[in-house]
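K.L.:
Please read through the structure below; I'll follow up with questions.
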Amino acid sequence: MKTATTTAAEDDISYEVPEHLAHLLKRISYLLPQPPEPVSGFGSFDELCEAAVMARVERVLVFFQRSNPEVDRALPRPFLLSPEFSENFRKAVNRFVFPAIRESRQIRMQATSFKWEEANTDTFWDHTSRQLKEKLQQVWIQAWCDLKLIETRKGDGSKVFQVKNETKTLREMLQPPHPDAYDLPKIGNRELDVFCSLLDPATDWFTKLSDIWQTCHDLYEQEKDPRVFQDRAREGALRDNLLAAFQRFPDQWADFLVLTCHRVFPRVNCAFMEKFTTNVGSTDAERERHLPFVMRYLYQVKDNPEVSVGERKEENDWAQKAQELRRWLKGEDDEKKPEAGTWKKTEQESRTKPADSWNTPPAAPKAETASPPKPKSSG
């Protein structure tokens, strides 16, 4: 998988400050896995079709796999954020979905409608009619729905779910290779709904999600990690943007956008997420209906209290250093105030960028946030 790294903007201002405070003036940098390159040269239409479907799905999965090597989270990644889950999911798609695609007469007839030998996994969609796209999505969704648990009643009237043998096989296939690889609940109807959402033949979600992410990036820096030369966002701007963003993509992805922010942005910690969930419900049960995987993560945090202790220490350290930096730049601390001529502030362009830089964030614009879609809002 190709990966790029965010870099500093060229019009950033450079300050010479004490070494232990210098990191507070750096733009956040993190890894951005890139979607797969188009592939061509397939021996049959079936091979091309299946590869194009999987490539479209991977463009969604790879978006949620961005990470920050400088952010150390103690708990395993939620499954959708893990490259290792993607590898296992590809095998599951080949086992449970592709046979149904091959059996569809309507899909096979598409092979005669264009020169598929000249197409690749990207241009395949340019030649695909609206009806065929709808058929592919229908087959995809039905394949996962066929694995859903069946609700039945016991003799005493209590509800119980029957698990199909194929679903048991799916559970085995998607087990993480080791405990630290990713966290996946026992697969039930909720998880199968997530799988259903991952294919949209009519929409390239990677591009749309990247646009949403850029706003999250800018607002995080402006509200949670503002540098002295940067416009500041109001308190709650990132929260409101996330709530508004939920209306712009499938409901099943809301959890994973929040959790990706947690993996990438140092100050989007568990305290932020716990407070964030109060915007979607006043009780744990209500919050779990809207953000089940965020709530699962927070339950795990409660079972591992050292996680919260460590994050509180990091937050306190950041606040202390940020205060020290403000005092230093204002020259308010006489004991640490440098002698005349030893401190300087310059505006200069940053000329160095990694060769593989991609999606370099521009100088952060002034914050513009949408109103949250839900009436309840908590700081």
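K.L.:
Quick one: what pairs do we get from the stretch 14-34, first residue more than 22 Å from Arg327 (Cα to Cα), second modelled with pLDDT of 75 or more and not polar (S, T, N, Q), C-beta under 6 Å, 6+ apart or different chains?
P.N.:
Close Cβ pairs (under 6 Å, with a partner that is modelled with pLDDT of 75 or more and not polar (S, T, N, Q)) amount to Tyr30/Val264; Leu32/Arg66; Pro33/Val62.
K.L.:
Same structure again: Filter the stretch 139-171 for residues that are surrounded by 10 or more Cβ atoms within 10 Å (Cβ to Cβ), touching a Lys or Arg at 6+ places or on another chain (Cβ under 7 Å) and more than 10 Å from Leu192 (Cβ to Cβ) and give the result.
P.N.:
Across the stretch 139-171, the qualifying residues are Glu151, Val160, Arg171.
K.L.:
Looking at Asp180, Asp193, Asp218, can you tell me which residue is under 26 Å from Glu288 (Cβ atoms) and surrounded by 15 or more Cβ atoms within 10 Å (Cβ to Cβ)?
P.N.:
Asp193
K.L.:
Give the residues of the stretch 35-62 that are of a type outside the set (A, V, I, L, M, F, W, C), surrounded by 18 or more Cβ atoms within 10 Å (Cβ to Cβ) and not in a helix (DSSP H, G or I), sorted by residue number. Outline the logic, then answer.
P.N.:
Filtering the stretch 35-62 for residues of a type outside the set (A, V, I, L, M, F, W, C) gives 35-38, 40-41, 43-44, 46-47, 50, 56, 58-59.
Imposing the further condition that a residue be surrounded by 18 or more Cβ atoms within 10 Å (Cβ to Cβ) reduces the set to 35, 50, 56, 58-59.
Once the filter is applied, which keeps residues that are of a type outside the set (A, V, I, L, M, F, W, C), surrounded by 18 or more Cβ atoms within 10 Å (Cβ to Cβ) and not in a helix (DSSP H, G or I), the stretch 35-62 yields only Pro35.
K.L.:
Would you mention how many residues in the stretch 129-138 are small (Gly, Ala, Ser) and either surrounded by 18 or more Cβ atoms within 10 Å (Cβ to Cβ) or assigned to a helix (DSSP H, G or I) (or both)? Lay out the reasoning, then the answer.
P.N.:
The first filter runs over the stretch 129-138 and keeps only residues small (Gly, Ala, Ser), leaving 129.
Right, trim to either surrounded by 18 or more Cβ atoms within 10 Å (Cβ to Cβ) or assigned to a helix (DSSP H, G or I) (or both) and you get none.
The qualifying residues number 0.
K.L.:
For the stretch 261-268, state whether one or more residues are out of contact with any Cys (no Cβ under 8 Å at 6 or more places or on another chain) and part of a helix (DSSP H, G or I).
P.N.:
yes
K.L.:
How many residues, within the stretch 55-76, are without any contact (Cβ under 8 Å) to a residue 24 or more places away in the chain and basic (Lys, Arg)?
P.N.:
0
K.L.:
Being modelled with pLDDT under 90 and more than 30 Å from Leu325 (Cβ to Cβ) narrows it down to one of Phe195, Phe206, Phe161, Phe124, so name that one. First the steps, then the outcome.
P.N.:
Values: Phe195 fails: modelled with pLDDT under 90; Phe206 fails: modelled with pLDDT under 90; Phe124 fails: modelled with pLDDT under 90.
So the residue among Phe195, Phe206, Phe161, Phe124 that is modelled with pLDDT under 90 and more than 30 Å from Leu325 (Cβ to Cβ) is Phe161.
The values are calculated or read from the model by the stated rules, or taken from the named source; none is laboratory data. Worth saying up front: this structure is predicted, and the values here are computed from it rather than measured. Every residue, glycine as well, gets a Cβ built from its backbone with ideal geometry; the counts of neighbours run over all protein chains shown.
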